[in-house]
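*Asks:* Before I ask anything, here is the structure I am working with.
The values are calculated or read from the model by the stated rules, or taken from the named source; none is laboratory data. Owing to the predicted nature of the structure, the values given are computational and were not obtained by experimental measurement. Every residue, glycine as well, gets a Cβ built from its backbone with ideal geometry; the counts of neighbours run over all protein chains shown. In case anyone asks, the SASA skips ligands and DNA or RNA and just uses the protein heavy atoms, side chains included. Shrake-Rupley method; radii C 1.70, N 1.55, O 1.52, S 1.80 Å.
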Amino acid sequence: MIEQIRVNVAAYAVARGDAVISTLGLGSCVAIAVHDLATAVGGLAHVLLPSESMSRDRDNRAKFPGTAVPLLLEEMRKLGATGPFTAKLAGGASMFGALLPSGGVNMGERNVEAVRRALGVAGIGIAAQDTGGDYGRSVFLHVRDGRLVVRSLNRGEHVL
Amino acid sequence: MDDIRSLKANQLDALREVANIGAGHAATALSQMTGGTIMISVPTINIARLEDVPPQITAPEEPVAAVLMNMLGDLTGRTLLVFPRPTALRLAGLMLNRRAETEIDLGEIEQSAIKEAGNILSGAYLNALSDFMGLMLLPSPPSLAVDMSSAVLTTAYLQFGTDRDYVFCVETEFFMLELNEKLRGFFLLLPDVASLHAILRAIRVA
């Protein structure tokens, strides 16, 4: 029996063994999947904003990459994870690009950059990523083996 | 008042009325464009945390065609039209004078037709608002995304909104009665917080 866990916007989940953690319809948001193969523990966070400075409502650690990565590691360690950890990323799209002010910031790109920085700080390597573009994605982390399945409307499914 | 959660009941009522006038004109335009009957719901005002908004309209992965336009002039913000896929296909068919039973896909011509429909609808909505409030409102050219509903909505709120915590959105649902089939769509007005105050001042409930 495989446990199915759904992660909403600006939320996270961790699990061990036979579970699939998913999040649906990522636009400019980024899904961070962290995995520990040795203990089969995985965690997934759906981050919304690149930096806490853009928000007044900072209690939710899963909302920002800088706090979501340590949060995932803490919770994964509680399930017995020891590391080494690997990470996979998906999302960070740029939609309605024609309306972006020229030279303006692209939230998707900034989110991806912030996630890479947060993982760097935590010393976690990025094993694979599917980011950018102008289309939405859903992701499914298979906790047992660390596969990250990415699904989009026009591009079907592929495995990271 | 820089917190959108502190709006009073009479102000919310007034905003709903403003949206109703806009949506009424947009529905008339849509009806003329498609030759069909259009019904609209009473507008609802959503004030929610960003993370709580997306599931309210459709399932997160439901394919939708969404037309986003920036609103410029005396007010700033955005208008977003969301057509679930069946509505988008029929709307494109009606715009292109195709018979209902014709199989269509959302190709380049159909997407262009939907964008144009969005342009006309947002234009009618904003014109009505502009007349009613005595403010100048200009719509930007439309931008279209055909994608998962959740991806489209979070991006519209996040990438383009000025408030990164709460979303203020006035939503009107509309229905096209077509061949005994009820096709739905959504009209969302997303004023920036500063413009919300300008609207309240213009209708004298500030």
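*Asks:* If you average the C-alpha positions of segment A:94-160 and of segment A:1-61 separately, how far apart do those two centres end up, in angstrom?
*Replies:* 12
*Asks:* If you don't mind, there's one more thing I want to ask. Run the dipole for segment B:4-205 about the Cα centre, Lys and Arg Cβ at +1, Asp and Glu Cβ at -1, nothing else charged, and hand back the magnitude in debye, nearest 20.
*Replies:* Computed about the Cα centre, the dipole is about 520 debye.
*Asks:* Scanning chain B for trypsin sites (Lys or Arg not before Pro) in DSSP loops with at most 13 other Cβ atoms within 10 Å, what's the longest stretch left with none?
*Replies:* With trypsin sites (Lys or Arg not before Pro) excluded where exposed in loops, chain B gives B:100-203 as its longest stretch.
*Asks:* Can you compute the helix-only [θ] at 222 nm over chain A? Use -39500 (n - 2.57) per DSSP H run of at least 4 residues, normalise by all residues, nearest 500 deg cm²/dmol.
*Replies:* -6000 deg cm²/dmol
*Asks:* Follow-up question, since we're still on this one. So, in nm, how far is label B:S112 from label B:L177 when the simple model puts each one 7 Å beyond its Cα toward the Cβ?
*Replies:* Each label point is offset 7 Å from its Cα along the Cβ direction, giving 3.4 nm.
*Asks:* Would you please give the residues with an amide H less than 5 Å from that of A:L160, counting only those at least 5 places away or on a separate chain, with H modeled from the backbone geometry?
*Replies:* A:L148, A:V149, A:V150
*Asks:* In addition: If you take every DSSP beta bridge fully contained in chain A, what fraction is antiparallel? Give it as a percent rounded to 5.
*Replies:* Roughly 75 percent of the DSSP beta bridges within chain A come out antiparallel.
*Asks:* How big is the dipole moment of the protein assembly as shown about its Cα centre under a simple scheme where the beta carbon of each Lys and Arg is +1, that of each Asp and Glu is -1, and everything else is neutral? Debye, nearest 20, please.
*Replies:* 540
*Asks:* Just to be sure I understand: if you take the accessible area of chain B alone plus chain A alone and subtract the pair, with a 1.4 Å probe, what total do you get in Å², rounded to 100?
*Replies:* 2700
*Asks:* Right, something else. Provide the per-residue ³J(HN,Hα) series for segment B:140-147, in order, calculated from phi with Karplus coefficients 6.51, -1.76, 1.60 and θ = phi - 60°, each as a whole number of Hz, with x at glycine and proline positions.
*Replies:* These are the phi-based 3J(HN,Hα) values: 7, x, x, 10, 10, 10, 10, 6 Hz.
*Asks:* I'd like to know which of B:T87, B:G77, B:Y157 lies farthest towards the positive end of the charge dipole of segment B:70-206, counting +1 on Cβ of Lys and Arg and -1 on Cβ of Asp and Glu.
*Replies:* Projecting each Cα onto the dipole axis, the largest value belongs to B:G77.
*Asks:* What residues qualify as long-range amide H neighbours of B:E62, i.e. H under 5 Å apart, gap of 5 or more or another chain, H built at 1.01 Å from N?
*Replies:* It is B:S149, B:S150, by chain and number.
*Asks:* Using only the C-alpha atoms of the protein assembly as shown, find the volume of their convex hull and express it per residue in Å³.
*Replies:* Cα convex hull per residue, to the nearest whole number: 141 Å³.
*Asks:* Turning to a different aspect of this structure: Roughly speaking, what is the stretch gain from A:Q4 to A:V105, that is 0.36 nm per residue apart minus the C-alpha to C-alpha distance, in nm to one decimal?
*Replies:* 32.8 nm
*Asks:* Using alpha carbons only, how many degrees (0 to 90, rounded to 10) separate the axis of helix A:65-78 from the longest principal axis of chain A?
*Replies:* That helix lies at roughly 10 degrees to the long axis.
*Asks:* Now a separate question. Using alpha carbons only, how many degrees (0 to 90, rounded to 10) separate the axis of helix B:9-34 from the longest principal axis of chain B?
*Replies:* That helix lies at roughly 20 degrees to the long axis.
*Asks:* Using a 1.4 angstrom probe on protein heavy atoms only, which residues from segment A:124-156 are buried by at least 40 Å² of accessible area when all chains are present rather than their own chain alone?
*Replies:* Residues shielded by partner chains are A:L153.
*Asks:* Which part of segment B:183-202 falls in the paramagnetic zone of B:T28, meaning amide N under 12 Å from the point 7 Å along Cα-to-beta-carbon?
*Replies:* Residues passing the 12 Å test: none.
*Asks:* Also, I was wondering about something else. Rounded to the nearest 10 degrees, what's the angle between the helix A:107-121 long axis and the longest principal axis of chain A, both from Cα atoms, 0 to 90?
*Replies:* Taking Cα atoms only, the helix is inclined about 40 degrees.
*Asks:* Ok, one more. Report the residue, chosen from B:G24, B:G77, B:G36, that carries the largest GNM mean-square fluctuation when chain B is represented by alpha-carbon nodes joined by springs under 10 Å.
*Replies:* Ranking B:G24, B:G77, B:G36 by mean-square fluctuation puts B:G36 first.
*Asks:* Rounded to the nearest 0.05, what FRET efficiency do A:N154 and B:I47 give with R0 = 51 Å and r taken as the Cβ-Cβ distance? Could you check?
*Replies:* Approximately 0.90, to the nearest 0.05.
*Asks:* So, in nm, how far is label B:M136 from label B:L96 when the simple model puts each one 7 Å beyond its Cα toward the Cβ?
*Replies:* Taking the two extended label points, one gets 3.8 nm.
*Asks:* Turning to a different aspect of this structure: If you roll a 1.4 angstrom probe over the protein chains with everything in place, what fraction of the accessible area of the protein assembly as shown belongs to carbon and sulfur, to the nearest %?
*Replies:* 50
*Asks:* Over chain A, with a Gaussian network built from C-alpha contacts below 10 Å, which listed residue (A:V105, A:V121, A:V150) shows the highest mean-square fluctuation?
*Replies:* Maximum among the listed residues: A:V105.
*Asks:* Below 8 Å, C-alpha to C-alpha, sequence gap of six or more: please give me the relative contact order for chain A in percent.
*Replies:* 28
*Asks:* What is the calculated FRET efficiency for A:T82 to A:D134, with r their C-beta to C-beta distance and R₀ = 30 Å, to the nearest 0.05?
*Replies:* After rounding to 0.05, the efficiency reads 0.15.
*Asks:* How high is the relative contact order of chain B, in percent, with contacts defined as C-alpha pairs under 8 Å that are six or more residues apart?
*Replies:* Relative contact order, chain B: 35 percent.
*Asks:* Something else about it: Once you charge only the Cβ atoms, +1 for Lys and Arg and -1 for Asp and Glu, what is the size of the charge dipole of segment B:26-113 about its Cα centre, to the nearest 20 debye?
*Replies:* For this selection, approximately 260 debye.
*Asks:* Another question, if that's okay. Determine the sum of side-chain charges near B:V42: Lys and Arg each +1, Asp and Glu each -1, restricted to other residues whose C-beta is under 15 angstrom from that of B:V42.
*Replies:* -2
*Asks:* Okay, moving on. Just to be sure I understand: with springs between alpha-carbon atoms less than 10 Å apart, which residue in B:V18, B:V146, B:V42 has the highest mean-square fluctuation in the Gaussian network model of chain B?
*Replies:* With Cα springs under 10 Å in chain B, the top fluctuation among B:V18, B:V146, B:V42 is at B:V42.
*Asks:* Okay, moving on. B:L72's amide H: which non-local residues (gap 5+, or another chain) put their own amide H closer than 5 Å, with H modeled 1.01 Å from N in plane and none for Pro or chain starts?
*Replies:* B:L138, B:S140
*Asks:* Continuing with the same structure: In whole Hz, with x marking every Gly and Pro, tabulate ³J(HN,Hα) for segment A:154-160 from phi via Karplus 6.51 cos²θ - 1.76 cosθ + 1.60, θ = phi - 60°.
*Replies:* After applying 6.51 cos²θ - 1.76 cosθ + 1.60, I find 9, 10, x, 10, 8, 10, 9 Hz.
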